[in-house]
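Trainee: Starting off with a structure, shown below.
The values are calculated or read from the model by the stated rules, or taken from the named source; none is laboratory data. Predicted model only: the values in this text are computed from it and were never measured. A quick note on method: Cβ atoms are made from the backbone with ideal geometry, for glycine too, and the neighbour counts reach across all protein chains shown. Only protein heavy atoms, including side chains, enter the accessible area calculation; ligands, DNA and RNA are left aside. Shrake-Rupley method; radii C 1.70, N 1.55, O 1.52, S 1.80 Å.
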Amino acid sequence: MTTMLSTPITAHQAPAIPRWRVALVALWLTQIALAGMLILAGGLKLAGVPVMVALFDAIGIGQWFRYVTGSIEVVSAVALLVPSWAAFGALLLIPTMVGAVFTHLFIVGGSAVPATVLLTGSLAIAWARRDRLASVLSRRS
């Protein structure tokens, strides 16, 4: 009489990474990438790089607007890197990037893609961090 012994052979399986952790890593990578782009763009504006000076001359509002825009970008970039401020940094960027998209489309020309990418990233971060916004707003009322 022959008996078959069967032992389950299982391949070594890595534990599954929870979805929330993947989403959190993706959110932080987005925030870091956005902050890097904004520090660069805002820094160029604040440093008075000739290309930026010419761009704001073409807009026609004045160079003070270059300083305001550059400051908003740098402050928002720093806020994106601080967990409790990230949602507010993203909210500050949304109207700034909407203005940048419209400026490129209707005033100065050129590609609106970089501003659109920054706008999309800001919207995504604000949406992902909406619980933080809701908790702050609920404390105020």
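Trainee: When the convex hull of the C-alpha atoms of the chain is computed, what volume per residue in Å³ does it have?
Mentor: Working: hull volume 26.3 nm³, N = 141.
Looking at the chain, the number lands at 186 Å³ per residue.
Trainee: Roll a 1.4 angstrom probe over the protein heavy atoms and tell me the percent of accessible area of the chain that is carbon or sulfur.
Mentor: C and S atoms contribute 72 percent here.
Trainee: Given labels modelled 7 Å from the Cα in the Cβ direction, how far is it in nm from Val25 to Val108?
Mentor: 3.7
Trainee: About its Cα centre, what dipole magnitude does the chain give when the only charges are +1 on Lys and Arg Cβ and -1 on Asp and Glu Cβ, stated in debye to the nearest 20?
Mentor: 440
Trainee: Something else: Hey, can you find the accessible area per residue of the range 84-141 for me, probe 1.4 Å, expressed in square angstrom?
Mentor: Here the per-residue accessible area is 60 Å².
Trainee: Does a label point 7 Å from the Cα of Val68, set along Cα-to-beta-carbon, have any residues of the range 90-115 with amide nitrogen under 14 Å, and which are they?
Mentor: The answer is 95-97, 99-100.
Trainee: For the chain, take the longest principal axis of its alpha carbons; what is the angle in degrees between that and the long axis of helix 130-140, to the nearest 10 within 0 to 90?
Mentor: The two axes meet at around 60 degrees.
Trainee: Right, next: Residue separation times 0.36 nm, minus the C-alpha to C-alpha distance between Ile61 and Ser84: what's the value?
Mentor: 4.9 nm
Trainee: Ordered by residue, what ³J(HN,Hα) values in Hz, to whole numbers, does the range 24-30 give under the Karplus form 6.51 cos²θ - 1.76 cosθ + 1.60, where θ = phi - 60° and Gly and Pro are x?
Mentor: 5, 5, 4, 5, 5, 5, 5
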